[in-house]
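**Q** Once you've had a glance at the structure underneath, I'll fire off some questions.
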Amino acid sequence: MEKMVGKTKLSLVQGDITLQETEAIVNAANTTLLGGGGVDGAIHRAGGPKILEECKEIVAKQERCPTGEAVITTGGNMATKYVIHTVGPVWSGGNRNEDRLLRNAYYNSLNVAKENGIKSISFPSISTGVYRFPKERAVKIALTTVKEFVQEYNFEEVRFVLFSENDMRIYENELKD
Ligand code: APR
C-alpha cells in the first residue's frame, strides 16, 4: 500500500527489513547498542560484524544511546547503505512518557537520515515487540511523526516494513484514515 504525503511516498511492506533496498534501514536497538533479539538480532546477523564494530566505536565515545535518540552506522553486508539505530521506550503503562519517547525515536531517526542526505528509509514497528508498546497506539505515533517531518524535508520514500500480517493490517487501517 502506498500514499503520497507532499512529495514523499509513504509505503507499507510486509517482509524482512534486512532485505530492503532503501538507502537506510532503522534498527529497534537497546541503549547498549550491542545487539539483541528481534529486529536488532536480524540486522546484526544480516549486516555482519562491521555494524557491531561501529556500534562499539559509538559506545566508546558516548557510552550508550539514550531512549529516543538515534545513531548511524554502515549497513555492512546488507543491500541498504546505512543502519540508523534508535531505541524505543519499554511500555510500562503509558505514564512514563512512552508516547513522547517513541515519537522522539521516529523523529530523531528521520533527522539523522536528513543530516546524512539520505532520501529513502525503512522503519520496523519500533517498541511493539519485546518492549510491548501497544501496536495500535504505536502506529498512530509512527505515522503522525513521519507526516509532520516530511512537511519540512522531502524524502523520496519512507517505508514501514511489517513482519506479520497482523501488523500490516493495523498499519493499513491507520494509513487509510
Ligand atoms: N524485519 C522487520 N521487522 C521485524 C523483524 C525483521 N527481520 N524481526 C522482528 N521484527 C518486528 C517485530 O515483529 C516487531 O513488530 O520488529 C518489531 C519490533 O520488535 P523487537 O525487535 O522486539 O523490538 P522492540 O520491541 O523495539 O524491542 C527492542 O529487543 O531485540 C531487542 O536489542 C533489542 O533490547 C531491544 C529490544
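**Q** Taking a virtual spin label 7 Å from the Cα of Asp16 along the C-beta vector, which residues in segment 58-93 bring their backbone nitrogen under 14 Å of it?
**A** Under 14 Å, as judged by backbone N against the label point of Asp16, lie 77-80 of segment 58-93.
**Q** Cα gyration tensor of segment 35-130, axes a ≥ b ≥ c as square roots of the eigenvalues: rounded (a/c below 1.5), prolate (a/b > b/c) or oblate?
**A** Because a/c hits 1.5 or more and a/b exceeds b/c, segment 35-130 counts as prolate.
**Q** What's the ranking of 16-23, 36-43 by average number of surrounding C-beta atoms within 10 Å, highest first?
**A** Going by the mean number of other Cβ atoms within 10 Å, highest first, we get 16-23, 36-43.
**Q** Could you please state, rounded to a whole Å, how far the C-alpha centre of segment 104-177 is from the C-alpha centre of segment 35-100?
**A** A separation of 15 Å, based on Cα centres.
**Q** When the helix-only estimate is applied to the chain (DSSP H runs of n ≥ 4, each -39,500 (n - 2.57), divided by the residue count), what is the mean residue ellipticity at 222 nm, nearest 500 deg cm²/dmol?
**A** Numbers: 5 runs with 69 residues, N = 177.
-12500 deg cm²/dmol, from helical runs alone.
**Q** Can you give the FRET efficiency for Gln151 and Asn116, using 1/(1 + (r/R0)^6), R0 = 22 Å, r = Cβ-Cβ distance, to the nearest 0.05?
**A** So, using R0 = 22 Å, E works out to roughly 0.65.
**Q** Multiplying the sequence separation of Arg137 and Asn95 by 0.36 nm and subtracting their Cα-Cα distance, what value in nm do you get?
**A** 13.8 nm is the gain from fully extending Arg137 to Asn95.
Read the figures in this text as sums done on the coordinates, not as results from a lab. All figures in this text were calculated on a predicted structure; none of them were measured in a lab. Please note: Cβ atoms are built from the backbone with ideal geometry, for glycine as well, and neighbour counts cover all protein chains shown.
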